[in-house]
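Heads up: the structure comes next, in structure tokens.
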Amino acid sequence: MRVFVSALILMGLIIGIGIWTNLSIKDSTCQLSGHIDRIARDVRNESWDEALIKTRRLEKVWAEKSRWWPVLLDHQEMDNISFSLARLNEYVKYRDKSLAMGQVSELKRMVEHIPENQAVTLNNIF
Amino acid sequence: MLIVVLRTLILYTVTFVLLRIMGKRQVGQLQPYELVIIILVADLAAIPMENTGIPLLRGLVPILVLFVAQVTLAYISLKSETARSLISGKPSVLIENGLIVESELRRLRYNINDLLEQLRQKNVANIADVEFAILETSGQLSVILKSQKRPVIPEDLNIPTKYEGLPAALITDGHISRENLKKVNLNSEWLRDELAKFGINDPKDVFFASLDTQGNLYCQVKADVRKRKGA
């Protein structure tokens, strides 16, 4: 009985932490998406100095938000976002509009893919 | 490299602890749902152990969930007879009153050679000696011999027997078990006196000593001590 009750508490904890992490990841990716949208707007308007400041700020936000993500998410997925962010930084620095826009789009898709991948949907279950 | 070592140790510890909590059954005695869990846990632990790109939690969480599922199923089958027969199945009678139940063998896809093999493993060479053979839910065959074919027991011959309990291990590899001494209401002084009768002064020289329920002390001295004394 004691083991059974402990097992049920453990299951409750796993489900609770699972829901909390999903909500937390969703919230963090929303914030990151907002930052990426602002960079995209600046790149489109060729406000390069503004875009560079925002890209660097995004790097900081990413480093802060993603500190505990490797505990839950595929490490390769995390690395891909870091590499993409580094490329975007260089494209913005050297003011290459088409490459920067392409990179912004890829980065946004990669960030949005994380909560999609973690969501409890029939597609993900099967 | 070090990460792999640490991950292996963590996964091994968690798997080991959970399997210990799950129970003491041997692989051959596992119920189907328990066997499935053992197979799955082995695989789940191996993947994050070798692939450092996968978060450790991806291996640990499914193992914990399987543990919860196992404990829950075991608890349900403990409480409900219906659930028990659904989860673990029911024992099947393969030989009933000395007759092989062919329909049951067919239903279980169990051929006569399987049955004979299992009977031989139970030291039954002649199927005609069997009154009942029951295939248990764990896959083990229980055999009940005809009353004329089973070994004679003292009760059949009206021979009185004395109580035979478990002998208490008092010394193992030179270490006195104070817990076992206490169980038989004796102490280490008594043990030292008894050992002295065997010509042993130090309990550390004893490899194994036990006391049976008749009060007989069995004692074996360590091989190196024997050699030293012989020399």
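Every read-out reported here was derived from the displayed coordinates using simple, explicitly stated rules and does not represent laboratory data. Keep in mind that this is a model prediction, so the values were computed, not measured. Methodologically, a virtual Cβ is constructed for each residue, glycine included, from the backbone with ideal geometry; neighbour enumeration extends over all protein chains shown.
Bridgeable lysines around A:K26 (alpha carbons under 20 Å apart, same-chain partners fewer than 8 residues away excluded): A:K60, A:K65, A:K108. Neighbour counts of C-beta atoms inside 10 Å place A:F126, B:F208 in the sequence A:F126, B:F208, starting with the fewest. Modelled spin-label separation between B:E189 and B:I112, with each label point placed 7 Å from Cα along the Cα-to-Cβ direction: 7.2 nm. Remark on B:K222: its backbone amide H falls under 5 Å from those of B:V206, B:F207, a criterion applied only to residues 5 or more positions apart or on other chains, H modelled at 1.01 Å from N.
Here the Karplus curve 6.51 cos²θ - 1.76 cosθ + 1.60, taken at θ = phi - 60°, turns the phi angles of the range B:174-184 into couplings of x, 9, 6, 8, 5, 4, 5, 4, 5, 4, 9 Hz, with x standing for Gly and Pro. Reducing the range A:15-70 and the range B:28-84 to their Cα centroids gives an inter-centroid distance of 37 Å. Here chain B is scanned for GluC sites (Glu not before Pro) in DSSP loops (not H, G, I, E, B) that have at most 13 other Cβ atoms within 10 Å, and the longest stretch holding none of them is B:1-154. Scattering from the protein assembly as shown was approximated by placing one identical point on each alpha carbon and applying the Debye formula without solvent; log10 I(q)/I(0) at 0.12 1/Å stands at -1.09.
The HN-Hα couplings worked out from phi for the range B:65-82 by the Karplus form 6.51 cos²θ - 1.76 cosθ + 1.60 (θ = phi - 60°) are 5, 4, 4, 4, 4, 5, 4, 5, 4, 5, 5, 5, 5, 6, 8, 10, 5, 5 Hz, whole numbers, x standing for Gly and Pro.
So what's the back-of-envelope 222 nm ellipticity for chain A, counting only DSSP H runs of four-plus at -39500 (n - 2.57) apiece and dividing by all residues, rounded to 500? When only DSSP H runs of four or more count, the value is -29000 deg cm²/dmol.
Its residue count N fixes a reference of 2.2 N^0.38 Å for the range B:80-135, and the Cα radius of gyration divided by that reference is 1.24. For B:E131, the residues whose modelled amide H falls within less than 5 Å of its own, excluding neighbours fewer than 5 places apart on the same chain, are B:I144, B:L145, B:K146.
Within the same chain, lysines fewer than 8 places from B:K227 are excluded, and of the rest, those with a Cα less than 29 Å from its Cα are B:K197, B:K204. Look at the alpha carbon pairs under 8 Å that are at least 6 residues apart: their mean separation over the length of chain B gives a relative contact order of 12 percent. Each residue of the range A:19-31 was assigned a 3J(HN,Hα) from its phi angle through the Karplus expression (A = 6.51, B = -1.76, C = 1.60, θ = phi - 60°), giving 5, 4, 5, 4, 5, 5, 5, 4, 5, 5, 5, 5, 5 Hz with x at Gly and Pro. Relative to the longest principal axis of the Cα atoms of chain A, the long axis of helix A:48-65 makes an angle of roughly 20 degrees.
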